[in-house]
Amino acid sequence: MIQAPKGTFDVLPDDAVRRERLEREAARVLGAAGYRRIETPAFEATELFTRGVGEATDIVQKEMYTFDDGGGRSLTLRPEGTAPVCRAYIEHGMHKLPQPVKLWYLSSFFRAEAPQRGRYRQFWQVGAEAIGSASPETDAELIVLLAELLEALGVRGVKLTISSLGSPETRAEYRDELRGYLRDHEQQLSPEVRGRIDLNPLRAFDASDRGTREVMRDAPKLLDRLAPEDAEHFAQVRALLDDAGIHYELDPALVRGLDYYTRTLFEFSSDALGAQSGVGGGGRYDRLMELLDGPRTPGCGWAAGVERILLSAGELPVQADVVDLFVSLASDDVGRTAFSLALQARRAGLNAQLELAGRSLRGQLRHADRIGARYVAIVGEEGTSLKNMETGEQLELSPNEVIPTILRGSRLS
Ligand code: HAM
């Protein structure tokens, strides 16, 4: 039996209803703040991600679906949306538009990760990017928008963590300082952390062994090393969040798996999720545009995982679709009359379904009841009887009287 590939899933009709609601809420919350929808291609030149997301990241090292397009060009299924949106900004000369350009997307992304609950190989993200503004209001507004969206969607147990990374230069100096500190305390570190001092000293903050944890308690923190203008920017973002009544935790060791971040960094998690607790996150990326050969342009944004939002929002009841009319056939010879009645009903604006399965008349009525039809028209050779399923009332009509009768009934009810 052929099955959906590992790490992928089908969106079945009940799931689709929940996703449509998420899309409507995203359009409402983001649209109200002036964000406009953008869609970029499902695959891009591989270089966009190696340069944009960063050669050393897990995404680029291990998780990309990369293939040759047959003409010697390397393409990659998009693992994220920020680099593609920046590519589109440059390609379409959006720096000529009033700034910032505020965009949102709801698209699927691809990462070759080990699948588990909340982690898939094809997944959906709703994302927002504001390109062309360095103001702290932009960062704070984006964070507030994601908080509001998660709240509107009923995501439970939400926690917001923020930090600031400063500039790449500050970070490089800080990494050197941290390496020095780790070497001074090498004896107390786990062999694993010791082995990674040169490659990635920041990982030491994630270690769980006692020795390393004790060393890390007094380790220098990047937040204390920020350049004055970066520290000021971060202080303003925090003040704006305080004003907005948004609760957050400061985590000086917050790390995210993408290399393009500068300054503000944030993540929303939910304790309604298991190990994959990150619902959404983002930050500022003031150098990304240059990495992609565009004009130096600041940017900030976030993305949230659609499946993780739905998992952490719990089971919302799915509302059944309204069916105004079910057209049933009293005999095989009335097929054309019945077909045309259903068609006209839909043209008149009613939700109308036609019997398509060759059921007995009793079976048809049972089916109409199951789908919650308000009326059933039983089309016979002599005429049509219209049954009101709520009252049980039944009228004998000519076929052209059926629709006006339902429409009158609808208006009365
Ligand atoms: P990210 O943290 O890699 O950021 O992904 C954002 C969200 O996508 C995660 O918080 C998670 O909910 C969801 N997600 C990621 N990987 C998977 C997966 N394998 N399965 C299911 N859900 C997943 C970004 O992608 C950045 N582009 C966000 C951003 C926008 N930064 C600035 N602007």
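Structure summary
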item	result
Residue count, segment 81-111 (criterion: assigned to a loop (DSSP other than H, G, I, E, B) and near the ligand (Cβ under 9 Å from one of its atoms))	2
Residue among GLY71, GLY7, GLY52, GLY34 that is assigned to a helix (DSSP H, G or I), farther than 15 Å from VAL126 by Cα and small (Gly, Ala, Ser)	GLY52
Residue in segment 235-242 that is within 26 Å of the chain's Cα centre (by Cα), away from the ligand (no atom under 16 Å from the Cβ) and under 27 Å from LEU311 (Cα atoms) present	yes
Residue selected from segment 275-287 under the condition out of contact with any Ser or Thr (no Cβ under 7 Å at 6 or more places or on another chain) and in contact (Cβ under 8 Å) with a residue 40 or more places away in the chain, by the criterion farthest from ARG156 (Cα to Cα)	GLY282
Near pairs, Cβ below 7 angstrom, 6+ apart or cross-chain, from segment 248-262 (closer than 19 Å to ALA140 by Cα) to any residue that is buried (at least 21 other Cβ atoms within 10 Å of the Cβ) and among the charged types (D, E, K, R)	LEU254/GLU267; ARG256/GLU267; TYR261/ARG284; THR262/ARG284
Flag for LEU199 being away from the ligand (no atom under 16 Å from the Cβ), part of a loop (DSSP other than H, G, I, E, B) and of a type outside the set (Gly, Ala, Ser)	yes
From GLU44, GLU55, residue being modelled with pLDDT under 95 and within 24 Å of THR297 (Cα to Cα)	GLU55
Subset tally (residues that are in contact (Cβ under 8 Å) with a residue 24 or more places away in the chain and either among the basic types (Lys, Arg) or away from the ligand (no atom under 14 Å from the Cβ) (or both)) for segment 298-321	7
Check on ALA45, in contact (Cβ under 8 Å) with a residue 60 or more places away in the chain, out of contact with any Pro (no Cβ under 9 Å at 6 or more places or on another chain) and hydrophobic (A, V, I, L, M, F, W, C)	no
Residue count, segment 285-297 (criterion: within 10 Å of the ligand (Cβ to nearest atom) and of a type in the set (A, V, I, L, M, F, W, C))	1
Single residue of ASP14, ASP68, ASP58 found to be over 15 Å from the mean Cα position of the chain (by Cα) and closer than 30 Å to GLU315 by Cβ	ASP14
Single condition VAL60 does not satisfy, out of (1) buried (at least 19 other Cβ atoms within 10 Å of the Cβ); (2) part of a loop (DSSP other than H, G, I, E, B); (3) free of Cβ contacts under 8 Å to residues at least 60 places away in the same chain	(2)
Leading residue by the ranking (nearest to GLN344 (Cα to Cα)) among those in segment 361-404 that are β-branched (Val, Ile, Thr) and surrounded by 16 or more Cβ atoms within 10 Å (Cβ to Cβ)	ILE403
Residue match in segment 113-121 (condition: over 29 Å from GLY7 (Cα atoms) and surrounded by 18 or more Cβ atoms within 10 Å (Cβ to Cβ))	no
Among (1) within 11 Å of the ligand (Cβ to nearest atom); (2) more than 22 Å from ASP259 (Cα to Cα); (3) of a type in the set (Phe, Trp, Tyr) - the single one TYR181 does not satisfy	(1)
Yes/no for GLU44 being touching a Ser or Thr at 6+ places or on another chain (Cβ under 7 Å), under 30 Å from GLU315 (Cβ atoms) and not small (Gly, Ala, Ser)	no
Members of segment 249-261 that are aliphatic (A, V, I, L, M) and within 13 Å of the ligand (Cβ to nearest atom)	LEU254, VAL255, LEU258
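Every residue, every condition in (1) aromatic (Phe, Trp, Tyr); (2) within 16 Å of the chain's Cα centre (by Cα), yes or no:
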{"position": "ARG18", "(1), (2)": "no, yes"}
{"position": "ALA27", "(1), (2)": "no, yes"}
{"position": "LEU30", "(1), (2)": "no, yes"}
{"position": "GLY34", "(1), (2)": "no, no"}
{"position": "TYR89", "(1), (2)": "yes, no"}
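This table checks each residue for (1) on the phi > 0 side of the Ramachandran plot; (2) modelled with pLDDT under 95; (3) within 16 Å of the ligand (Cβ to nearest atom); (4) in a strand (DSSP E or B).
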{"residue": "ALA231", "(1), (2), (3), (4)": "no, no, no, no"}
{"residue": "HIS247", "(1), (2), (3), (4)": "no, no, no, no"}
{"residue": "ARG263", "(1), (2), (3), (4)": "yes, no, yes, yes"}
{"residue": "GLY274", "(1), (2), (3), (4)": "no, yes, yes, no"}
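The values are calculated or read from the model by the stated rules, or taken from the named source; none is laboratory data. Only a predicted model underlies this, so the values are computations on that prediction, with no experimental measurement involved. Cβ: placed from backbone, ideal geometry, glycine included. Neighbour counts: every protein chain shown.
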